[in-house]
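Colleague: Have a look at this one before I ask anything.
The values are calculated or read from the model by the stated rules, or taken from the named source; none is laboratory data. Remember, it's a predicted structure, so these values are computed and weren't measured experimentally. Heads up, the Cβs are rebuilt from the backbone with ideal geometry, glycines too, and the neighbour counts pull from every protein chain shown.
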């Protein structure tokens, strides 16, 4: 190409002309031919993940930066995802991007650059998860004391599952569900995460019972072999598990991220089985011991209470002695009650006689006249009030009649007339009821007067004896009288010939005061 270019730049000579695309294509072919397969070591810088699924990143060292791209299909099957700050070894080919006149590496595989890079990436993930609170002891769930079903996430062909089953059978046999997974390699992290999520999605009490406890187990190995349990998806799946989880990955000296987020860490798979269930024989021995202690305690308690009951019974008095005093008090009270009833009856009879003696027919008649006069006054005042109310209502109606519409006046008049009639009826009913009540009371007092008067006593067969115009109450007074007069219910009768004619008392005359025999 240099031979075709004229030495004189001003003339241009016979040098051929190239388009931009031709130059870009020539550079692309030359770079891809010389660097079709390269391994580049560097630190991951900027990482971009657009929606297309491709990954764009920078590989850098202390002096230069190389752009890189990982296509979507390759990114999905990478064992290690690129992270900013991670030192890696990228395998791929160099090419150019004509759109921006730059070269880049198309990465086909990427791996951490040795154990140091893995440890740095592990430490970075650990700090990130710890900052999110996934290592907080407060969020860890307690293990069930005796789970019915235990789920084990491990390889079905290794020695780990045999050790766990053997240890469970020796301590306390339980039902075990095994979810087979790859415990190392590219598929390890995804399968372990799916197994934990799958166990959590089982329905409690379903045809396939949901485990009460999970064990994630694997034997020992190098850091690269155990790396699947350091992946972020595994740690997050273990943290999100609603079922308590025991991590038993590697030996006692091995530590992975799942150990920090699990509810309990076991140094070995065998130790995980020991944490999962208690020793059945020890439980039986403890139950027998507790049963014996309970029996002894019950027997001793019953014996002590029997002895205490016997001691208390000796201090109690005889039932007959307790009842004797109460019987005597009852007899004394019954005797006093009989005497008290007789005395009360006598006092009440005396008070009745005294009260009946104070009642006079003239006083009752005066009381009745006052009540009748009061009833008449109230009736007159009520009638006047009703009439006055009617006149006032009629006057107000006449005054307002000029301002009202005839049709409305007629309706209002009908309504008011009905209300007035109703009120009049109610007022009349109330007045009649009150007057009737007073009349009933007056009639009752009249009947009481007649009952308490001595004329009622005369109708029952008694008589009043008068001598010389005075009531005679003794035989001696009757013997000394010149003439006697006996009053019966239907009239008076002279007991001697000296007595004049006996006048019969009219029923409307007030009776004379006398004594009853």
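Colleague: Considering only segment 37-64, state which residues are in contact with a helix residue (DSSP H, G or I) (Cβ under 8 Å, 6 or more places away or on another chain) and outside any strand (DSSP E or B).
Modeller: We begin by selecting, within segment 37-64, every residue in contact with a helix residue (DSSP H, G or I) (Cβ under 8 Å, 6 or more places away or on another chain); these are 52-55.
52, 53, 54 - these are the residues of segment 37-64 that are in contact with a helix residue (DSSP H, G or I) (Cβ under 8 Å, 6 or more places away or on another chain) and outside any strand (DSSP E or B).
Colleague: Continuing with the same structure: Of 32, 87, 108, which residue is touching a residue at least 24 places away in the same chain (Cβ under 8 Å), in contact with a strand residue (DSSP E or B) (Cβ under 8 Å, 6 or more places away or on another chain), closer than 30 Å to residue 259 by Cβ and outside the structural domain of residue 184 (by TED's automatic domain parsing)?
Modeller: After applying the criteria, what remains is 87.
Colleague: Would you mind finding the one in 347, 336, 372, 351 that is touching a helix residue (DSSP H, G or I) at 6+ places or on another chain (Cβ under 9 Å) and either in a helix (DSSP H, G or I) or exposed (fewer than 11 other Cβ atoms within 10 Å of the Cβ) (or both)?
Modeller: Just a single option satisfies the conditions, and that option is 372.
Colleague: Would segment 147-164 turn up any residue that is surrounded by fewer than 17 Cβ atoms within 10 Å (Cβ to Cβ), outside any strand (DSSP E or B), assigned by TED's automatic domain parsing to the domain that holds residue 218 and free of Cβ contacts under 8 Å to residues at least 24 places away in the same chain? Before the answer, list the steps.
Modeller: First, the residues of segment 147-164 that are surrounded by fewer than 17 Cβ atoms within 10 Å (Cβ to Cβ): 148, 156-159, 162.
Checking which are outside any strand (DSSP E or B) leaves us with 148, 156-159, 162.
When the remaining residues are screened for being assigned by TED's automatic domain parsing to the domain that holds residue 218, the result is 148, 156-159, 162.
So of that shortlist, the ones also free of Cβ contacts under 8 Å to residues at least 24 places away in the same chain come out as 157, 162.
Yes, the conditions are met somewhere in segment 147-164.
Colleague: Taking the condition of being more than 21 Å from residue 261 (Cα to Cα) and free of Cβ contacts under 8 Å to residues at least 24 places away in the same chain, how many residues in segment 188-221 meet it?
Modeller: Total meeting the criteria: 6.
Colleague: Give the residues of segment 15-56 that are surrounded by 13 or more Cβ atoms within 10 Å (Cβ to Cβ), over 18 Å from residue 98 (Cα atoms) and under 60 Å from the mean Cα position of the chain (by Cα), sorted by residue number.
Modeller: 43, 44, 45, 47, 49, 54, 55
Colleague: Still on this structure: Going through 442, 415 one at a time, which residue ends up being in contact (Cβ under 8 Å) with a residue 40 or more places away in the chain and in the same structural domain as residue 368 (by TED's automatic domain parsing)?
Modeller: Details: 415 fails: in contact (Cβ under 8 Å) with a residue 40 or more places away in the chain.
Exactly one of 442, 415 is in contact (Cβ under 8 Å) with a residue 40 or more places away in the chain and in the same structural domain as residue 368 (by TED's automatic domain parsing), namely 442.
Colleague: Next question. Closer than 18 Å to residue 258 by Cβ, surrounded by fewer than 17 Cβ atoms within 10 Å (Cβ to Cβ) and within 39 Å of the chain's Cα centre (by Cα): which single residue out of 175, 140 fits that description?
Modeller: One residue alone meets the criteria, 140.
Colleague: Exactly one condition in (1) in contact with a helix residue (DSSP H, G or I) (Cβ under 9 Å, 6 or more places away or on another chain); (2) assigned to a loop (DSSP other than H, G, I, E, B) is not met by residue 128; state its number.
Modeller: Among (1) in contact with a helix residue (DSSP H, G or I) (Cβ under 9 Å, 6 or more places away or on another chain); (2) assigned to a loop (DSSP other than H, G, I, E, B), the lone unmet condition for residue 128 is (2).
Colleague: Looking for whichever is surrounded by 10 or more Cβ atoms within 10 Å (Cβ to Cβ) and either assigned to a helix (DSSP H, G or I) or on the phi > 0 side of the Ramachandran plot (or both) here; the options are 313, 295. Which one fits?
Modeller: The unique qualifying residue is 295.
Colleague: I've got another one for you. Among the residues of segment 165-173, is any outside any loop (DSSP other than H, G, I, E, B), more than 13 Å from residue 276 (Cα to Cα) and at pLDDT below 90?
Modeller: No, the conditions are met nowhere in segment 165-173.
Let's see how each residue does on (1) at pLDDT 85 or above; (2) touching a strand residue (DSSP E or B) at 6+ places or on another chain (Cβ under 7 Å); (3) surrounded by fewer than 11 Cβ atoms within 10 Å (Cβ to Cβ):
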position: 365; (1), (2), (3): no, no, no
position: 379; (1), (2), (3): no, no, no
position: 395; (1), (2), (3): no, no, yes
position: 407; (1), (2), (3): no, no, yes
position: 415; (1), (2), (3): yes, no, yes
position: 425; (1), (2), (3): yes, no, yes
position: 455; (1), (2), (3): no, no, no
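Colleague: Quick check, is residue 435 assigned by TED's automatic domain parsing to the domain that holds residue 385 and either out of contact with any strand residue (DSSP E or B) (no Cβ under 9 Å at 6 or more places or on another chain) or outside any helix (DSSP H, G or I) (or both)? Let's see the steps before the verdict.
Modeller: On the way: assigned by TED's automatic domain parsing to the domain that holds residue 385: yes; either out of contact with any strand residue (DSSP E or B) (no Cβ under 9 Å at 6 or more places or on another chain) or outside any helix (DSSP H, G or I) (or both): yes.
Criteria met by residue 435.
Colleague: Read through the list (1) modelled with pLDDT of 80 or more; (2) farther than 25 Å from residue 224 by Cα; (3) part of a loop (DSSP other than H, G, I, E, B), then give the number of the only condition that residue 11 fails.
Modeller: Residue 11 satisfies all of (1) modelled with pLDDT of 80 or more; (2) farther than 25 Å from residue 224 by Cα; (3) part of a loop (DSSP other than H, G, I, E, B) except (1).
Colleague: Please verify whether residue 480 is loosely packed, with under 14 Cβ neighbours inside 10 Å, out of contact with any helix residue (DSSP H, G or I) (no Cβ under 9 Å at 6 or more places or on another chain) and closer than 20 Å to residue 371 by Cα, treating the condition exactly as stated.
Modeller: Criteria not met by residue 480.
Colleague: While we're here: Residue 278: part of a loop (DSSP other than H, G, I, E, B) and surrounded by fewer than 10 Cβ atoms within 10 Å (Cβ to Cβ), yes or no? Break it down into steps so the answer makes sense when it comes.
Modeller: Working: part of a loop (DSSP other than H, G, I, E, B): yes; surrounded by fewer than 10 Cβ atoms within 10 Å (Cβ to Cβ): no.
It is false that residue 278 is part of a loop (DSSP other than H, G, I, E, B) and surrounded by fewer than 10 Cβ atoms within 10 Å (Cβ to Cβ).
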